[in-house]
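Worksheet for the structure shown next.
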Amino acid sequence: MRVDRSQLPAVGSDPAFKFPRIVRHTLGNGLAVRTLEHYTVPVVTFVMLIDGGVVSDPAGQEGLAAITADMVDEGTGDLTAIEVSESLAQIGADYDVDVGADAIVFTLTTLERFAERGGGLLADLLTRPSLRLEDFERVRQMRLDRLRQLKDSPPAVAERAFLRLMYPDHPYGHLAIGNDASLSGLELERVVRCHRDIFRPNRATLVIAGPMTHDELRQVADTTFGGWGTSSDPVASTIADVAPSAGAPRLTVIPREGAAQSELRIGHLSAHRNSPDYPSLLVMNAVLGGQFVSRINLKLREEKGFTYGARTGFDWRRRLSPFALQASVHSASTAEAIRDSFAELEGIRGARPPTEKEMLLARASLTRGYPRNFETAQQVARSVAQLALYDLPDTYFEEFIPKVNAVSADQVVSAAQRYIDPARASILVVGDHHAIADSLASLGYGAPQLLSADV
Amino acid sequence: MRAVDSPSLPFSKQTLSNGLDVIVHEDHHVPIVAVNVWYHVGSKNERPGRTGFAHLFEHLMFEGSEHHNSGYFPPLQQAGGVLNGSTNTDRTNYWEVVPTSALDLALWMESDRMGYLLPAVTQQRLETQRDVVLNERRQNYENRPYGYALMALTSVLYPADHPYHWLTIGSSEDISAARLDDVHEFFRTYYHPGNASLSLAGDIDTARGFELAERYFGDLPAGRAPEPVQASAALDREQRLVLEDRVQMPRVYMAWHSPAMFSEHDAELDLLADLLANGKTSRLYRTLVYEERLALDVSAFQSSRELGSFFLLAATAAPGKSLTDIAAAVDVELERVADEGPSDAEMERARAQTEAHFMYRIQTVGGFGGKSDQLNAYNTFRRDPAFFATDLARYRDATAAGVRDAARAYLRCDQRVMLSVVPRGQPALALSGSNPVTVG
């Protein structure tokens, strides 16, 4: 039978999506544990989410949570850093630390038959790290050197400066790694205290996914983390929500002489992750710049050829989170790319509401491929850790598809009107200031604030 | 259902009458199917003056085909699919991961661009994608610290008429000069069933997979097998180069020619790279970064390629430390491993990591590196998707003596390229005797 090429084949109906059952346990020491049975390959993943991170860094000690998290695999018990690494290698473990705005997330993946060894090793690292002075000094120096190297990376320079613009007076306003002054002034004693205050069972959630029953997984949790001592100290005071600051500079340029491209950020503080408008925000972002087929990427990349890719998104946090556009654009096209971007930010707020076609595409791309996100034990475990991070219900994944499918074009426009405000968006450019100054002036935002990549 | 205990990748394979290889792997855990197509063409098939073309062509494959004469992203994203493609020196791949219900759509589209691309390629689409690619080059090479290093290295490792002399991204000049005629010729030469391999992995029955492959691809005309590329390269001495870049710390790169992908000693050199520079237990990390603190980081890998591989080692100087001291420390370690070989403990660790990594590789059906991609890799380069097991055995069966012999035979200090990348205006930080190299 010859293929009918006069039209695309119809797509069948979506298979029912069911997220694996999440079972909650609480260990004797108060540690919250969630288990998931995941039978595909004999691989097990541990995710430990600890309440703390960028937000818990005291002023002047930026980078404290990150260096503390980095220090835990520098030794435990009799093991040196090298021996810890050797122990991880012997079980083929994939070990990773991510220090986020609100949480430090440790992930360890290993073969099923090493589940107890892997979990036990993770427990040793997190609950009984050596935190030795010589390791601390070495790690701190490496982080200072890393900071220095980041000054040559336009995306890193932009990210750092943009956070400062978004959060001038809040702990969220710095990179996890901190800055030269804060890292140089840190002492081991602060790290020890940070570990004592933050790494405790009542601030943590352990997720384990693997090819075992819930009982067996809980058993593994108990054997490995059951001995983690409780602390009677109260959990540190909570950090206030963010008040959007007025009067952020409109246009900021960080000069990078001779740069081939301008690294661009445009955005402002916008929304909360657990907002009831979350599904509308997701669909709105998908139409605007959250996927390849979005207005901004189609305009800047596929129509104009200004960039390899442009996107928008929310940088979600527990508190008020930024919405931003990011792209690296050819220097000569910088001003025009900014103008085009603003036209799109403005358009979706009413002048050009999403078409029926755009709505179909945005909703479908978020929902129809959803099961794809849960193929591996690691994907499943990390997803469930997000529930703990944002206080979302265990039914979250099951409810996602119907909620997104219920979003209307009107809701998208109304979400854009409430959460996107081009008039107060900050524009940040890391680029060749001499080459782009004249065209930037034509945008009418006045003289830019000039910053150095060092700040 | 309990999973397998040892990594394995079962499949069925058939070849259509037009020469298209079709491979199907069943995995019903998640209701998705991966569609993956490899064309056996890459920048190795380019010639001087036309560099970067294979990759630019890949971009055009997403812009439309005769019967769907607009972008490839909208219909597939609307069906809940994700898609991408990539080009390297040896091959070009394209993939979609779609809900099972959209498999027909993905196959229709892949087959349409395999058979009917050219009517949709216009001068305007070519020009736009040319600008996109020039921006990709600016973003990933020109505006990135150390972004020119690999370009400088390959330009010296390989003679000017060897297709590994240039990187897949190509030169800006050549990209700008690409013409519609080139697109037509390239498509006719390389994009046809006989030079391609299709693999399906996921929630699909094998018989149904073959039936659909026949239905969508079966009537595409067969093409002529492209001429195999012949090229060789060797170094007869050590060459030292210096490149000034917008970087804070100097970095030294060392590169050697090494055996081609899947040939003797290729796996041993891969293991050697891990043993030297992967993780805190590795020898060079331990000495250079942890103990002596000469370097901020060290890395090594065997870049396995069809026409011949290269082994690359790099280390960034710690503040105030010299590349000369780093290079000397590296040479001590290279000499030691060539003399004594790895220890039993190192080999045991390597075997444990190999087994785990092969297991991790079979966790996803699609995307870069997923099961469908691996089956196509083995089929394209070995004509044998079952090579997964052989590949695993190459690593399991590697011996300390084999690794030692590989180090001895290939990582010679009198046949390599040493590139120093130094902060602008400070050429004196390079290794002594380095000649300036220009790239762009």
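The values are calculated or read from the model by the stated rules, or taken from the named source; none is laboratory data. Everything numeric in this text was worked out from a predicted model, so none of it was measured. Cβ coordinates were reconstructed from backbone atoms using ideal geometry, including for glycine residues, and neighbour counts include every protein chain displayed. The accessibility values were calculated without ligands, DNA or RNA, using every heavy atom of the protein model including side chains. Shrake-Rupley method; radii C 1.70, N 1.55, O 1.52, S 1.80 Å.
Scan A:V384, A:V413 and give me the residue that is under 23 Å from the mean Cα position of the chain (by Cα), outside any loop (DSSP other than H, G, I, E, B) and not acidic (D, E).
None of the other options fit; the residue is A:V384.
Which helices (runs of 4 or more DSSP H) sit wholly inside region A:262-380 and have at least 3 residues that are away from every other protein chain (no Cβ under 12 Å) and closer than 30 Å to A:V55 by Cβ?
A:278-288
Identify the single condition in (1) free of Cβ contacts under 8 Å to residues at least 60 places away in the same chain; (2) within 21 Å of the chain's Cα centre (by Cα); (3) away from chain B (no Cβ under 12 Å) that A:D394 does not satisfy, given that it satisfies every other one.
All conditions pass for A:D394, except number (1).
Those residues that are charged (D, E, K, R), assigned to a helix (DSSP H, G or I) and more than 15 Å from B:V247 (Cα to Cα), I need them from region A:118-145; list them, please.
Correct list: A:D124, A:E134, A:D135, A:E137, A:R138, A:R140, A:R143.
Could you please let me know if A:D215 is surrounded by fewer than 21 Cβ atoms within 10 Å (Cβ to Cβ), in contact (Cβ under 8 Å) with a residue 24 or more places away in the chain and more than 29 Å from A:M142 (Cβ to Cβ)?
For A:D215, the condition - surrounded by fewer than 21 Cβ atoms within 10 Å (Cβ to Cβ), in contact (Cβ under 8 Å) with a residue 24 or more places away in the chain and more than 29 Å from A:M142 (Cβ to Cβ) - is not met.
Which of the residues that make up region B:275-296 are more than 9 Å from chain A (Cβ to nearest Cβ), open to solvent by 50 Å² or more (accessible area, probe 1.4 Å) and touching a helix residue (DSSP H, G or I) at 6+ places or on another chain (Cβ under 7 Å)?
The one that is more than 9 Å from chain A (Cβ to nearest Cβ), open to solvent by 50 Å² or more (accessible area, probe 1.4 Å) and touching a helix residue (DSSP H, G or I) at 6+ places or on another chain (Cβ under 7 Å): B:E292.
Please specify each residue of region B:96-119 satisfying the condition of being within 26 Å of the chain's Cα centre (by Cα) and of a type in the set (S, T, N, Q).
Matches in region B:96-119: B:S111 only.
List the pairs whose first member sits in region B:130-143 and is more than 7 Å from every other protein chain (Cβ to nearest Cβ) and touching a residue at least 24 places away in the same chain (Cβ under 8 Å), whose second member is in a helix (DSSP H, G or I) and open to solvent by 40 Å² or more (accessible area, probe 1.4 Å), and whose Cβ atoms are under 9 Å apart, counting only residues at least 6 apart or on separate chains?
What qualifies is B:R130/B:S176; B:L134/B:S176; B:Y141/B:L150.
Only one of B:A300, B:A231, B:A260 is closer than 20 Å to B:R394 by Cα and assigned to a loop (DSSP other than H, G, I, E, B); which?
B:A260
Given the conditions (1) touching a strand residue (DSSP E or B) at 6+ places or on another chain (Cβ under 8 Å); (2) of a type outside the set (A, V, I, L, M, F, W, C); (3) closer than 30 Å to A:F19 by Cα, report the number of the one that A:T40 does not fulfil.
Condition not satisfied by A:T40: (1).
Would you check which residues across region B:74-99 are open to solvent by less than 30 Å² (accessible area, probe 1.4 Å) and facing another protein chain (nearest Cβ under 7 Å) and list them?
If the condition is that a residue be open to solvent by less than 30 Å² (accessible area, probe 1.4 Å) and facing another protein chain (nearest Cβ under 7 Å), then B:P75, B:Q77, B:A79, B:G80, B:G81, B:V97, B:P99 are the ones that fit.
What tally of residues in region A:168-181 results from selecting those that are in a helix (DSSP H, G or I) and open to solvent by less than 30 Å² (accessible area, probe 1.4 Å)?
2
Does B:G71 fit the bill of being at pLDDT 95 or above, open to solvent by 10 Å² or more (accessible area, probe 1.4 Å), on the phi < 0 side of the Ramachandran plot and among the small types (G, A, S)?
yes
Just checking, how many residues over region B:330-354 are open to solvent by less than 50 Å² (accessible area, probe 1.4 Å) and acidic (D, E)?
The qualifying residues number 3.
Taking the stated definitions as given, is A:L122 surrounded by 23 or more Cβ atoms within 10 Å (Cβ to Cβ) and within 21 Å of A:V380 (Cα to Cα)?
So A:L122 fits the description; yes.
Among the residues of region A:1-47, which ones are outside any strand (DSSP E or B), of a type in the set (A, V, I, L, M, F, W, C) and within 9 Å of chain B (Cβ to nearest Cβ)?
Residues satisfying the conditions are A:M1, A:V3, A:L8, A:A10, A:V11, A:A16, A:F17, A:V41.
Just one of B:A327, B:A318 is within 14 Å of chain A (Cβ to nearest Cβ), more than 30 Å from A:A377 (Cα to Cα) and open to solvent by less than 40 Å² (accessible area, probe 1.4 Å); which is it?
B:A318
Just name the residue that is nearest to A:G12 (Cα to Cα) out of those in region B:105-118 that are open to solvent by less than 20 Å² (accessible area, probe 1.4 Å) and of a type outside the set (D, E, K, R).
Of everything passing the filter in region B:105-118, B:L105 is nearest to A:G12 (Cα to Cα).
Here are some residues: A:T127, A:T107. Which one is within 23 Å of the chain's Cα centre (by Cα), more than 10 Å from chain B (Cβ to nearest Cβ) and among the polar types (S, T, N, Q)?
A:T107
Being facing another protein chain (nearest Cβ under 7 Å), part of a helix (DSSP H, G or I) and open to solvent by 10 Å² or more (accessible area, probe 1.4 Å) is the filter here, so list the residues in region A:146-158 that pass it.
Those that are facing another protein chain (nearest Cβ under 7 Å), part of a helix (DSSP H, G or I) and open to solvent by 10 Å² or more (accessible area, probe 1.4 Å): A:R148, A:Q149.
To keep it simple, each residue is scored yes or no on (1) open to solvent by 20 Å² or more (accessible area, probe 1.4 Å); (2) hydrophobic (A, V, I, L, M, F, W, C); (3) more than 24 Å from B:F57 (Cα to Cα).
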{"residue": "B:P163", "(1), (2), (3)": "no, no, no"}
{"residue": "B:S171", "(1), (2), (3)": "yes, no, no"}
{"residue": "B:R179", "(1), (2), (3)": "yes, no, no"}
{"residue": "B:H184", "(1), (2), (3)": "yes, no, no"}
{"residue": "B:N195", "(1), (2), (3)": "no, no, no"}
{"residue": "B:G202", "(1), (2), (3)": "no, no, yes"}
{"residue": "B:A225", "(1), (2), (3)": "yes, yes, no"}
{"residue": "B:P228", "(1), (2), (3)": "yes, no, no"}
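Kindly check whether there is at least one residue in region A:89-99 that is within 8 Å of chain B (Cβ to nearest Cβ), surrounded by 23 or more Cβ atoms within 10 Å (Cβ to Cβ) and part of a helix (DSSP H, G or I).
Looking through region A:89-99, at least one residue is within 8 Å of chain B (Cβ to nearest Cβ), surrounded by 23 or more Cβ atoms within 10 Å (Cβ to Cβ) and part of a helix (DSSP H, G or I).
Test A:L165 against the stated conditions and say whether it is within 20 Å of A:I254 (Cβ to Cβ), within 24 Å of the chain's Cα centre (by Cα) and part of a helix (DSSP H, G or I).
For A:L165, the condition - within 20 Å of A:I254 (Cβ to Cβ), within 24 Å of the chain's Cα centre (by Cα) and part of a helix (DSSP H, G or I) - is met.
One line per residue, one yes/no per condition, for (1) open to solvent by less than 20 Å² (accessible area, probe 1.4 Å); (2) under 26 Å from A:P168 (Cβ atoms):
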site	(1), (2)
A:A243	no, yes
A:V253	yes, yes
A:S270	yes, yes
A:S275	yes, yes
A:L281	yes, yes
A:V287	yes, no
A:D315	no, yes
A:R318	no, yes
A:A351	no, no
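State yes or no: is B:A102 crowded, with 23+ Cβ neighbours inside 10 Å, touching a Leu at 6+ places or on another chain (Cβ under 8 Å), more than 17 Å from B:F186 (Cα to Cα) and more than 7 Å from chain A (Cβ to nearest Cβ)?
no
Can you give me the number of residues within region A:110-119 that are away from every other protein chain (no Cβ under 14 Å) and either surrounded by fewer than 20 Cβ atoms within 10 Å (Cβ to Cβ) or charged (D, E, K, R) (or both)?
1
Per-residue answers, yes or no, for (1) assigned by TED's automatic domain parsing to the domain that holds A:S365; (2) within 19 Å of the chain's Cα centre (by Cα); (3) of a type outside the set (A, V, I, L, M, F, W, C):
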site: A:E263; (1), (2), (3): yes, no, yes
site: A:H268; (1), (2), (3): yes, yes, yes
site: A:A271; (1), (2), (3): yes, yes, no
site: A:S275; (1), (2), (3): yes, yes, yes
site: A:P279; (1), (2), (3): yes, yes, yes
site: A:V287; (1), (2), (3): yes, no, no
site: A:F292; (1), (2), (3): yes, no, no
site: A:L298; (1), (2), (3): yes, no, no
